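Everything on this sheet refers to the single structure shown next.
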Amino acid sequence: MRNRFAFTMIELIFVIVIMGIIGKFGVEFLAQAYKSFLYAKVNHKLQSESEMAVEMIASRLQYRIKDSVIARTAPGTTPVPIGSASGTAYTVLEWIGSDSDGFRGLTKPYWSGILDLNDCNASTLSSPDTNTTAEANMISNITESNTSFSDSAIYFVGSNSDAQKDYGWDGNISYINQQKGAIHPITSTTAIDQFISSTASNFSGVDLYEYYKLAWTAYAIVMEDYNTTTHTGTLRLYYNYQPWKDRNGDGSSDQFNDNLSTTRSTTIMENVSSFKFMSIGSVMKIQVCTKSDVLQNNGGDYSLCKEKTIL
């Protein structure tokens, strides 16, 4: 005869209690692990996107003509020099960028950045070691022939300027057309190392400096489509426009929202909660803040900010 063994009632109750404890804390552990996974995933996404956004903006601001940087509260509103743009009302940042691609060239720069003042006169500026033909081809390739070398301009390093009127931000280019602004519209000649004025005026009476920067486009960073419910918008970059030109033939300067068939734009980042910028002297600081509502049912929105200082 064999003895048969079974669980006692106390043992069964003990097992049930243990299983209940494990079940309770196990579910909570899994829920917390899933929540931590969501936070890590969202954090990584926002970190990488915001980092890319500030780096993209900073890489272009690095080659800005520092005196040309202005801010606006909205597209088309009154331009304010960046040094005077205090507060959070400004959503548009604009500047003229010197041509970094052409200055790198292939084996040597397409424009040297130096004038031979002894060889310059009221009608012609001489820039030794400059290749305007190569520069024109580069501009055409980048803009798919929407911009030519005759749309370019030069800025004399060391000259004084009024950010509002000397670059065309205020919409009035009559001052610039007389070659009296800080930015000087130019075009090429049959000699690849010479510039002439692309306006009806020459350089008579203009203070010439040995060093210059060549520009063919302005840039604008704009916060668009701001949603008052989610408190987020889209950050866009505009380029391939020239505030020193009248490309529309209406007597006013070319602004980034005037002619979208030639102006280029690209989305930098979506779900941006704020875009802030400031200038202290010639140093700029930008900040991009973004957020995600993926965790709305798990503790609310998740947001972070990235910032960068540009010399």
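Select from region 39-84 the residues that are among the basic types (Lys, Arg), over 17 Å from the mean Cα position of the chain (by Cα) and farther than 17 Å from Val272 by Cβ and list them in ascending order. Within region 39-84, Lys41 is the sole residue that qualifies. Number of residues in region 239-262 that are surrounded by 22 or more Cβ atoms within 10 Å (Cβ to Cβ) and over 21 Å from Ser174 (Cβ atoms): the value is 1. Considered as a group, the residues in region 85-137 that are polar (S, T, N, Q), over 23 Å from the mean Cα position of the chain (by Cα) and surrounded by 15 or more Cβ atoms within 10 Å (Cβ to Cβ) include one that is farthest from Met284 (Cα to Cα), and that residue is Thr124.
Checking the stated criteria, Ala200 turns out not to satisfy the condition of being among the small types (Gly, Ala, Ser), closer than 30 Å to Cys120 by Cβ and at pLDDT 95 or above. Scanning region 40-62 for residues that are surrounded by fewer than 15 Cβ atoms within 10 Å (Cβ to Cβ) and hydroxyl-bearing (Ser, Thr, Tyr), we see that the one that is modelled with the lowest pLDDT is Ser48.
Of the set (1) in a loop (DSSP other than H, G, I, E, B); (2) under 16 Å from Val157 (Cβ atoms), all apply to Thr88 but (2).
Each residue in region 200-238 was checked for being crowded, with 19+ Cβ neighbours inside 10 Å and of a type in the set (Ser, Thr, Tyr), and 5 of them qualify.
A single entry from Lys285, Lys308 fulfils the requirement of being in contact (Cβ under 8 Å) with a residue 40 or more places away in the chain, surrounded by fewer than 18 Cβ atoms within 10 Å (Cβ to Cβ) and not small (Gly, Ala, Ser): Lys308.
Yes/no per residue for (1) more than 16 Å from Asn240 (Cβ to Cβ); (2) in a loop (DSSP other than H, G, I, E, B); (3) out of contact with any His (no Cβ under 9 Å at 6 or more places or on another chain):
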position	(1), (2), (3)
Glu94	no, no, yes
Asp101	no, no, yes
Trp111	yes, yes, yes
Asp129	yes, yes, yes
Thr133	yes, no, yes
Ala136	no, no, yes
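Output yes when any residue across region 247-256 is over 26 Å from Gly158 (Cα atoms) and in a strand (DSSP E or B), and no when none is. Yes; the residues of region 247-256 include at least one that is over 26 Å from Gly158 (Cα atoms) and in a strand (DSSP E or B).
Of all residues in region 265-282, those satisfying the criterion of being surrounded by fewer than 18 Cβ atoms within 10 Å (Cβ to Cβ) and touching a Phe, Trp or Tyr at 6+ places or on another chain (Cβ under 9 Å) are Ser265, Thr266, Lys276. Scan region 178-209 for residues that are in a strand (DSSP E or B) and within 20 Å of Gln242 (Cα to Cα) and the total you get is 9. Taken as a whole, the structure places Thr190 among residues that are of a type in the set (Ser, Thr, Tyr) and out of contact with any Pro (no Cβ under 7 Å at 6 or more places or on another chain). The residues of region 140-160 that are touching a residue at least 24 places away in the same chain (Cβ under 8 Å), among the hydroxyl-bearing types (Ser, Thr, Tyr) and assigned to a helix (DSSP H, G or I), listed by number, are Thr143, Ser150. Looking across Asn177, Asn240, one residue alone is at pLDDT below 95 and on the phi > 0 side of the Ramachandran plot. It is Asn240. If you go through region 168-198 and pick out every residue that is in contact with a Phe, Trp or Tyr (Cβ under 8 Å, 6 or more places away or on another chain) and more than 20 Å from Asp67 (Cα to Cα), you end up with 4.
Screening the candidates Tyr238, Tyr219, Tyr212 for the property of being in a strand (DSSP E or B), within 16 Å of Ala71 (Cβ to Cβ) and in contact (Cβ under 8 Å) with a residue 40 or more places away in the chain yields one hit, Tyr219. Looking at the structure I just gave you, is Ile65 among the aliphatic types (A, V, I, L, M), in contact with a strand residue (DSSP E or B) (Cβ under 7 Å, 6 or more places away or on another chain) and either modelled with pLDDT under 90 or more than 22 Å from Ser126 (Cα to Cα) (or both)? Taking the combined requirement at face value, the residue does not satisfy it.
The numbered conditions (1) hydrophobic (A, V, I, L, M, F, W, C); (2) part of a loop (DSSP other than H, G, I, E, B); (3) modelled with pLDDT of 95 or more are all true for Ala163 except (3).
The values are calculated or read from the model by the stated rules, or taken from the named source; none is laboratory data. Everything numeric in this text was worked out from a predicted model, so none of it was measured. Note that each Cβ is placed from the backbone with ideal geometry, even for glycine, and that neighbours are counted across all protein chains shown.
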